[in-house]
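This report refers to the structure that appears directly beneath it.
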Amino acid sequence: MARPSQNIDQTLLASGRELYPQHGFAGLSVRQICEHAGANVGMFHYHFQSKNNYVSVLLQGLYDEVFEQLAVQAAQQGSALERLRAALCLLGRLIRQHGNWISRVWADAGLGEEVARLFLQHNAPRHVGLLMALLEEATEAGELPPAAPMQRFGFLMGSVLTPMILLPAAMQFQLLPAQLAASVDADVFSDAAIADRVNRALAALALPATPLAASHRPTP
């Protein structure tokens, strides 16, 4: 028996790239995917066996494309701090480009969807590890002062990426004054705005740490 076309699986995945961010795991049906792709349900099950496996393959393909770009950037010539700066700027641009499905994965994981939870569990350590390694390399080279690893990583992510994750939701629910909403693209999502936040965050990390005042230290 002739093997079905190798292109059908890619067509089905292309439909998932468009439909998953809109509907999430629970709202996405096999029939809906097949109708969008112009394929029959039999071909879906031939290539993917189940909806769970389909979404897993879909998300992994999306993530691998993003991570490959980040890994290539991190491996470029230059000092550790320069490569960290470039990687953070690229990460901001990737979040801007792919934020629709990334936000949906986190939402699905929060709703208890196992496919999303397993995807995050498997992949989050990859980009976290890459950035943490660059931070450590910059520290060893004397480009950044020593600091608690998760403290500075959390600071960087909060400074560079959090506005890009929270503000779309704030705009969707009309939580921002109109004047501020009108400036979000230029002030938060533009290449210049991303680079500015990265530069400010790295400049802050380069400052000597301020010892915690005795009166504010946690009681052992």
| field | segment 44-60: number of residues that are open to solvent by 40 Å² or more (accessible area, probe 1.4 Å) and part of a helix (DSSP H, G or I) | value | 8
| message | Take Phe173 and tell me if it is of a type in the set (Phe, Trp, Tyr) and modelled with pLDDT of 95 or more. | response | no
| How about segment 103-129: which of its residues are under 19 Å from Gly158 (Cα atoms) and without any contact (Cβ under 8 Å) to a residue 40 or more places away in the chain? | Trp106, Leu120, Ala124, Pro125, Val128, Gly129
| task | Consider Asp191 carefully, then state whether it is crowded, with 18+ Cβ neighbours inside 10 Å and in contact with a Gly (Cβ under 9 Å, 6 or more places away or on another chain). | result | no
| task | Within segment 160-198, work out how many residues are closer than 12 Å to Gly92 by Cβ and touching a residue at least 60 places away in the same chain (Cβ under 8 Å). | result | 10
| message | Checking the structure you have, find out if any residue of segment 61-83 is under 21 Å from Gln172 (Cβ atoms) and assigned to a helix (DSSP H, G or I). | response | no
| Unmet requirement for Ile33, which otherwise passes all of (1) assigned to a helix (DSSP H, G or I); (2) crowded, with 19+ Cβ neighbours inside 10 Å; (3) modelled with pLDDT under 95 | (3)
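The values are calculated or read from the model by the stated rules, or taken from the named source; none is laboratory data. On a predicted model such as this, the values are computed, not experimentally measured, just so you know. Counting neighbours? That spans all protein chains shown, and the Cβs are built from the backbone with ideal geometry, glycine included. What goes into the accessible areas is simple: the full protein's heavy atoms, side chains included, and nothing from ligands, DNA or RNA. Shrake-Rupley method; radii C 1.70, N 1.55, O 1.52, S 1.80 Å.
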